[in-house]
Amino acid sequence: MVGTAAPGIRLCVKDLRTTPQPPNAPTALKKALTTPLLYFFILGDVLGAGVYVLVGQVAADSGGAVWVPLVVALCLALLTAASYAELVTAYPRAGGASHYATLAYGPFAGFLAGFCMLAAGIVSVAALARGFAGDYLTEFVTLPVVLVVIVFLAALALLNARGIRESTRANVVATVIEVSGLLLVIGLGVWIVLRGDGDLGRLTQLGTDSHGPAAAVLSGAVLAYYSFVGFETSVNVAEETRDPRRSYPRALFGALITAGAVYALVGAAAAAAVPTERLVSSSGPLLEVVREAGGVPTELFGAVALVAVANGALLTGIMSSRLAYGMARDGLLPGFLTKVLPGRRTPWAAIAVTAALSLLLALTGDVATLASTLVLLLLVVFFMVNTATLVLRRRDTSARPDHFRAPTVVPLLGAASCVALATQIERDVWLRGLIVLAVGAVCGAVAAGRLRRRA
């Protein structure tokens, strides 16, 4: 039975192509997530560290009307989110995109989707670990980067292994802090405008010297889109959610709409309070709002940023470990990764391996050169998820009133949006991304061949 695979048992592809699993099917992982905890999980991942530099980058392409591409990006993200909601409620298993691609297209596509997500997650955690050890931390204390990275990743791995409930409760606290910091920026922006030092006219200035209005919206939306992609990590904890068919759509759409509203308000507040040129040139655009307002210690934002970085790394680490666990249980990765702590029922082997890989990257390389390829990899995954929704819907023709079902046009538009956004990716990023995809394709062919021999 799909939901009862014990550690070390590998499933063949023919065993995976079944009707959707019952929401309360037995699982080796502990079902502990409620709707509120899942909501905060998604919200905390979407409102991650990127928001603290996002506004300036979007303003460079769109001009002062930063809120426009942010709203467009939210609409594009909701398309793919709807496909995820349908698949999660039909197949509430760890593994996420890898599992859905395996069901729809077989183990090769499943491995490739999982490989892209794992690469994105592991490099992201490594980058966040180095970011935690950087300028924001030096506002308080100066320590060797190597020491900070090791302690930081070890602490996150231990929290992850302790339990999903403990991890998500820590995320709730961190998310409240993140949102409070962003609400402070919104409030300070309003205060600057009310005292006469801001300029509301900048909110209608769409376009730059190099981008007309239409190009400014598209170019800005490509950047802003990446700030919403944290939602896909949550599908990997569906198996640990008590009632995923009821909880996931509510938590997903609620969190995305909340994040979109906060992003748009932050963008509008920053653009109205601070000249666009200053936002573009600053590596900490939200800090410019704090400085412009005066009266608020800049160290406060350093602390909030550290919380945001740590929270983003924690949630991405949870995603990576559950994805590795799910792929191993589907036979796409070594069975060792399905080992679970007896009491805590957390995938300790997958946690240890993914944390170790992140540590290796953080200590031995400049992950910035790889980070830009992650966007392309995620677009590949999102395209596969949107098309898998249509394939699996056609295969399973039974009525499913208890599952979320998106209108057919939504996954079609979601897949088309991935193609459109991919056309905006720079040539050198495509070259790096194709190398990563080629490695994944080779490994996927090996994994698929091994599964066929076992079948």
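Observations on the model:
- Solvent-accessible area of Arg165 with every protein chain in place, 1.4 Å probe, in Å² to the nearest 10: 70 Å²
- For region 382-455: rounded, prolate or oblate by the Cα gyration tensor [a/c cutoff 1.5]: oblate
- Oblate is the label for region 190-266, because a/c, from the alpha-carbon gyration tensor with a ≥ b ≥ c as root eigenvalues, is 1.5 or above and a/b does not exceed b/c.
- Between helix 164-194 and the chain there is an angle of about 20 degrees, using the helix long axis and the longest principal axis of the Cα atoms.
- 0 to 90° range, to nearest 10: angle between helix 213-225 axis and the chain longest Cα axis: 50 degrees
- Solvent-accessible surface ranking, highest first, for Leu286, Leu194, Leu390 at 1.4 angstrom: Leu194, Leu390, Leu286
- Label corresponding to Cα Rg over 2.2 N^0.38 Å when calculated from the structure given, among (i) 0.95; (ii) 2.29; (iii) 1.85: (i)
- When a 1.4 Å probe is rolled over the protein heavy atoms, the share of accessible surface on the chain that falls to carbon and sulfur comes to 68 percent.
- Label sites at Arg432 and Arg344, each approximated as a point 7 angstrom past Cα along Cα to Cβ, lie 3.3 nm apart.
- Surface accessible to a 1.4 Å probe, Ser247 within the full protein complex, Å²: 10 Å²
- Cα gyration tensor shape of region 297-455, rounded if a/c is under 1.5, else prolate or oblate by comparing a/b with b/c: rounded
- For region 37-138, the list of chymotrypsin sites (Phe, Trp or Tyr not before Pro) that fall in a loop by DSSP and count at most 10 other C-beta atoms within 10 angstrom is empty.
- In Å², nearest 10: area of Glu426 left accessible to a 1.4 Å probe: 120 Å²
- Per residue accessible area in Å² of the chain, where ligands, DNA and RNA are left out and the probe is 1.4 Å: 38 Å²
- Rounded tilt (10° steps) of 244-273 against the dominant C-alpha axis of the chain: 20 degrees
The values are calculated or read from the model by the stated rules, or taken from the named source; none is laboratory data. Just so it is clear, the model here is predicted, and its values are computed rather than measured. Neighbour counts are summed over all protein chains in view; Cβ atoms, including those assigned to glycine, are modelled from backbone coordinates with ideal geometry. Keep in mind that these areas ignore ligands, DNA and RNA; they rest on the heavy atoms of the full protein, side chains included. Shrake-Rupley method; radii C 1.70, N 1.55, O 1.52, S 1.80 Å.
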